[in-house]
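A.B. asks: Sharing a structure with you now.
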Amino acid sequence: MIKIIENIPTKRIAVKLRPSAEKMVKKGHPWVFTDSIAKQNIDADVGDLIIIYDNKKNNFLACGFYDPYSPIRIKLIQFKKPAQINEEWFAVTVTKAFEIRKALLITDTNSYRLLFGENDHLPGCIADVYDTVLVIKLYSHIWFPYLNWLVTHLVRVSGCMTVVLRLSRLLEAKGDTYGLSNGQILYGELEDEVVVFKEHGVLFSANVIKGHKTGYFLDHRHNRKRVGELSKDKRVLDVFSYAGGFSVHALYGGAKKVISLDISKQALQMAQENVALNMHIGSHEIIVADAFEGLQNLIDQQQLFDIVVIDPPSFAKRENEISKAKKSYARLAKLGAHLVSRNGILVLASCSSRVTAEDFFNISEENIEAAGRNFDILDKTTHDEDHPIIFPEGAYLKCGYYKLN
């Protein structure tokens, strides 16, 4: 077993919930909020194993870990059937997660999400693989007592030679991190913090120490490939391009011209570096601009594109941001529709989990029409296969493909 951290003692604690929360747990929902706890036999500390019992018959319902730093006080990992939460449990859980991703690895791809938090029964824990480098991102202190087991079995199933730890800002700001720090190498050696990896034969790079999240965004992989397949001899506009995911696939797919538009000059530098990793014959141009202003400027210039991709960051991280987010999606759909040539394709995406797929697609379609364009729906997609979903809040990504007449 890989040893990274000294043993942290934990306790087993019995809990009963309020009826409404109990009902949700019986449906397999992995979150128990502070005000949902009705009875608790002793005080709990971070990472303690909480066992939830049914109110009427005292039967086992679920178990999970206690997080005193989050309003989601108990993060559940096991439902209905009791289990010993030991090294063997972690070995089985990590192996099951890896099995789900095996089909993806048959393709010319060596980058994937190995653990997707709650959706792989490990809430607050993300693990992404970039070639032979595994990046673990923790969003909760609950994992420190179990980190040795976790890393041991992630290395075992993935075959990775290096493990990097990333810690969320909130986690670093609250509570003890047991001497561990963001960007720390937990296992092996890291020759370069920029790791080159493959996605369906296309090369990209991820800065696993300083990059957003774990260094890259893997959830859109299938959509990037799809745009690439549609791009031969096309003019493509990639808005909120970040490191150029859609742009690179479009050029790899034979686009004659691609424009990457983003407010971050640093992100566009990464996009140019990713473009340079791959053979292509089309031209690549960058525009450093606010997306809304940049789109309006292109409209004013009477530019048209065969494919326009608009993939913004999350607009609604909090409940009170939902209304503003919807207005932003409406504006983007309308602006984008003005830039698509006849029989061209508008690709609209959202990663705001608080805005439902139904609402997002309705907003997109109403505003394409408001821009005076008729359309056919080509497809609507969600996360790639290494992002399985087991509960409603786990589903955040939605993407619509519209052919504009």
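A.B. asks: State the antiparallel share, in %, of DSSP beta bridges confined to the range 2-81, rounding to the nearest 5.
C.D. replies: Around 80 percent of the beta bridges assigned by DSSP in the range 2-81 are antiparallel ones.
A.B. asks: Which lysines have a Cα lying under 16 Å from the Cα of residue 327, excluding residues fewer than 8 positions away in the same chain?
C.D. replies: Partners within reach: 317.
A.B. asks: Given the chain, what percent of its DSSP beta bridges are antiparallel, to the nearest 5?
C.D. replies: Taking every DSSP beta bridge with both residues in the chain, the antiparallel ones total about 60 percent.
A.B. asks: Enumerate the helices in the chain for which the Kyte-Doolittle hydropathy averages 0.5 or more and the C-alpha atoms extend at least 18 Å along the helix's axis, using complete DSSP H runs.
C.D. replies: Taking the DSSP H segments of the chain (at least 18 Å long, mean hydropathy at least 0.5), we get 87-106.
A.B. asks: Give me the accessible area per residue for the chain, probe 1.4 Å, as a whole number in Å².
C.D. replies: 45 Å²
A.B. asks: For the peptides 267-274, 79-86, what is the packing order when you average, over each peptide's residues, the other Cβ atoms within 10 Å and list the highest mean first?
C.D. replies: The packing order, highest mean first, is 267-274, 79-86.
A.B. asks: What is the distance in Å between the Cα centres of the range 203-256 and the range 53-130?
C.D. replies: So the two Cα centres are separated by 29 Å.
A.B. asks: Between the range 315-386 and the range 172-186, what is the C-alpha centre distance in whole Å?
C.D. replies: Computed from Cα coordinates, the inter-centre distance equals 38 Å.
A.B. asks: Mind giving me the FRET efficiency for residue 272 and residue 296? R0 is 25 Å, r the Cβ-Cβ distance, nearest 0.05 is fine.
C.D. replies: Taking R0 as 25 Å, the efficiency between residue 272 and residue 296 is 0.55.
A.B. asks: In the Gaussian network model of the chain, springs joining C-alpha atoms below 10 Å, which of 281, 363, 51 carries the largest mean-square fluctuation?
C.D. replies: 281
A.B. asks: Using a 1.4 Å probe on the protein heavy atoms, what percent of the accessible area of the chain belongs to carbon and sulfur?
C.D. replies: That fraction is 50 percent.
A.B. asks: What pairs in 56/137; 26/213; 213/380; 210/256 have C-alpha atoms more than 29 Å from each other?
C.D. replies: In this structure, 56/137; 26/213; 210/256 lie more than 29 Å apart at Cα.
A.B. asks: Compute the distance in nm between two label points, each set 7 Å from the Cα along the Cα-to-Cβ direction, one at residue 55 and one at residue 381.
C.D. replies: In this crude label model, residue 55 to residue 381 measures out at 4.5 nm.
A.B. asks: Based on the mean of other beta carbon atoms within 10 Å per residue, what is the order of 104-112, 349-357, 133-141, 2-10, most packed first?
C.D. replies: Per-residue mean Cβ counts within 10 Å order the peptides as 133-141, 349-357, 104-112, 2-10.
A.B. asks: Here's a follow-up. Among DSSP beta bridges lying fully in the range 127-191, give the percent that are antiparallel, nearest 5.
C.D. replies: Percent antiparallel among DSSP bridges in the range 127-191 is about 55.
The values are calculated or read from the model by the stated rules, or taken from the named source; none is laboratory data. All values derive from a computational prediction rather than experimental measurement. Neighbour counts run over all protein chains shown; Cβ positions are idealised from the backbone, glycine included. Ligands, DNA and RNA are stripped out before the accessible areas are found, and what is left, the full protein with its side chains, is counted by its heavy atoms. Shrake-Rupley method; radii C 1.70, N 1.55, O 1.52, S 1.80 Å.
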